[in-house]
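One structure is given below, encoded as C-alpha cells.
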Amino acid sequence: MIKVKFWGVRGSIPCPGPKTMKYGGNTACIELRFPEVNRHVIIDAGSGIRDLANFMLANDLPKGPISTEIYLSHTHWDHIMGFPFFVPVYIPGTRIKVFGPVTYEDEPLEAVVGGQMKYRYFPVNMGELASSIEYQRLKEEPMIDLGDGITLSTAIINHPITTLGYRFSFRGAVFCTAYDTEPFRNLFVTDPNASNYDELMAQEGEEAAREQNQVLENFFRGADLLVHDAQYTRVEYEQGKVGWGHTPIEDAIAAAARAEVKQLALFHHDPERSDDQLDAMTDLYCTTDANHPLRIFFAREGQEIIL
C-alpha cells in the first residue's frame, strides 16, 4: 500500500487567497507513506512542505526522531522554496536524504538547494542546521532498489532545465510523476516554403519527437496514479506558452489514456487559475466512459489517495 497526499499543487509561485482556497495556493509538494515498512517520501519542497512539516511535528515526532527522503523533480525555485521552512531540519536527531537532478556538473545538489539558505536570503545558514542531511544527485535510471521492497525508476522529461519524472513501485502499486514537462516537438523548420527548410532534417526531427514522447508514455504506462503537468489548456499553450516546459491538459489526458493509466491527477495549476475556473474545467475534462475508464481529476491540497 502507498498512501499519497497532496500538500501543494500549484506551479510557478504561491497564490493564496479567497479564489484559491478549494484547490490550494501552495507550490508542489507530494507525500508518500509506505506504512507496512515505515518509510516516508516527499516529492518536491515547494511552499506546501511547510504545512506538511507541521503535520509531521504533531503526528510523527512524538513517536521518535523524524526520518524522511525528499525527491526533487528539479531545482526551479517553486519546487525548492519551502525547504528553509521545513521545520524538521532544525531538530536534532532528524535524518533527511535529499535526491534530485542538477543541470550543471560543477554545482552539487547541496549548493543548489542550500544556496537559498545564505544570510543574504535567509536568517539561518545551511551549516547551522541541527539535522543530519545527505544529498545525492540522480540521473536517469531504469531501476533503483530503495530497499524494503520499494523500487524507483527515473526518466528525464522535457523542461528548460534537467528534470526527472519518478516512478515508485511497491507490492504491485505504482505511483508516477511527470511534471514539469511538455510534449517533445520537432525543433527543425517544417514549412517547405521557408528558405532554410530541409526535408530530411524536418522528417528526422518529427521522428525524434515522436520517439521521445513514446518513451515518456512507456515510463508511466499502467501506473495506478499518474501526477502529470497540466498547467495550460491547448489554446493557452499555443498562444505564447510553447517552450515554457508545461503540458496542455488535453495532451496529458490523451497520453495517460494511451498508456492505460488508472488515475490521472492534473497538476501544477497555473497561479492565475481560480477555484471557479478549475471547477468548470473539471466538468469539461474529468469525464469517464466505458471506452475510456481513466479516472481524471484536478489535484487539491489535502487530497489523499490510497494505492
Check your understanding: Among the residues of the stretch 247-264, is any more than 16 Å from the chain's Cα centre (by Cα), among the basic types (K, R) and over 21 Å from K5 (Cα atoms)?
Key -> yes
Study note, to complete from the structure: The number of residues in the stretch 99-156 that are over 30 Å from E211 (Cα atoms) and of a type in the set (S, T, N, Q) is 4
Review point. Looking at (1) closer than 21 Å to F219 by Cβ; (2) modelled with pLDDT of 90 or more, which is the only condition S132 fails?
Key: (1)
Review point. Before we move on, is V124 of a type outside the set (F, W, Y), at pLDDT below 95 and over 25 Å from F168 (Cβ atoms)?
Key: yes
Check your understanding: Restricting attention to the stretch 105-124, which residues are assigned to a loop (DSSP other than H, G, I, E, B) and open to solvent by 50 Å² or more (accessible area, probe 1.4 Å)?
Key -> E105, D106, E107, P108, K118, Y119, R120, Y121, P123
Point to revise | Residue list for the stretch 54-79, restricted to those being in a loop (DSSP other than H, G, I, E, B) and open to solvent by 10 Å² or more (accessible area, probe 1.4 Å) | key: D60, G64, P65, T75, H76
Review point. Among the residues of the stretch 148-156, is there at least one that is under 12 Å from T75 (Cα atoms), outside any strand (DSSP E or B) and not polar (S, T, N, Q)?
Key: no
Check your understanding: Quick check: is even one residue across the stretch 127-145 farther than 25 Å from N38 by Cβ, over 19 Å from the mean Cα position of the chain (by Cα) and not charged (D, E, K, R)?
Key -> yes
Exercise for review: Hey, can you tell me all the residues within the stretch 57-80 that are in contact with a helix residue (DSSP H, G or I) (Cβ under 9 Å, 6 or more places away or on another chain) and under 30 Å from Q231 (Cα atoms)?
Suggested key: T68, I70, L72, S73, T75, I80
Exercise for review: For the stretch 157-174, enumerate the residues that are in a loop (DSSP other than H, G, I, E, B) and either of a type in the set (K, R) or over 15 Å from the mean Cα position of the chain (by Cα) (or both).
Suggested key: R171, G172
Practice item. Enumerate the strands (runs of 3 or more DSSP E) found wholly within the stretch 212-307, keeping only those where 3 or more residues are at pLDDT 95 or above, open to solvent by less than 30 Å² (accessible area, probe 1.4 Å) and of a type outside the set (D, E, K, R). Key: 225-229, 263-267, 295-298
**Study point:** Selection within the stretch 84-93 - in contact with a Leu (Cβ under 9 Å, 6 or more places away or on another chain) and open to solvent by less than 10 Å² (accessible area, probe 1.4 Å)
**Key:** F86, P88, V89
Review point. More than 17 Å from the chain's Cα centre (by Cα) and part of a loop (DSSP other than H, G, I, E, B), is that true of P92?
Key: yes
Practice item. Answer with yes or no whether F6 is touching a Phe, Trp or Tyr at 6+ places or on another chain (Cβ under 9 Å), at pLDDT 95 or above, of a type outside the set (D, E, K, R) and open to solvent by 10 Å² or more (accessible area, probe 1.4 Å). Key: no
Review point. Taking interchain pairs and intrachain pairs at least six residues apart, which have beta carbon atoms under 6 angstrom, with the first residue in the stretch 121-141 and closer than 17 Å to E107 by Cβ and the second in a loop (DSSP other than H, G, I, E, B)?
Key: M126/M117; R137/V102; L138/P101
Exercise for review: For the stretch 125-134, enumerate the residues that are of a type in the set (S, T, N, Q) and surrounded by fewer than 13 Cβ atoms within 10 Å (Cβ to Cβ).
Suggested key: N125
Check your understanding: Is there a residue being under 20 Å from H228 (Cβ atoms), open to solvent by less than 10 Å² (accessible area, probe 1.4 Å) and touching a residue at least 40 places away in the same chain (Cβ under 8 Å) anywhere in the stretch 46-53?
Key -> yes
Check your understanding: Yes or no: V37 outside any helix (DSSP H, G or I), over 21 Å from E272 (Cβ atoms), of a type in the set (A, V, I, L, M) and under 18 Å from the mean Cα position of the chain (by Cα)?
Key -> no
**Study point:** Condition check for V102: assigned to a loop (DSSP other than H, G, I, E, B), of a type in the set (A, V, I, L, M) and within 14 Å of H74 (Cα to Cα)
**Key:** yes
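The values are calculated or read from the model by the stated rules, or taken from the named source; none is laboratory data. Small disclaimer: the values here were computed from a predicted structure and weren't measured. So basically every Cβ, Gly included, is an ideal-geometry build from the backbone, and we count neighbours across all protein chains shown. When the accessible area is computed, the model is the full protein with side chains, heavy atoms only, and any ligands, DNA or RNA have been set aside. Shrake-Rupley method; radii C 1.70, N 1.55, O 1.52, S 1.80 Å.
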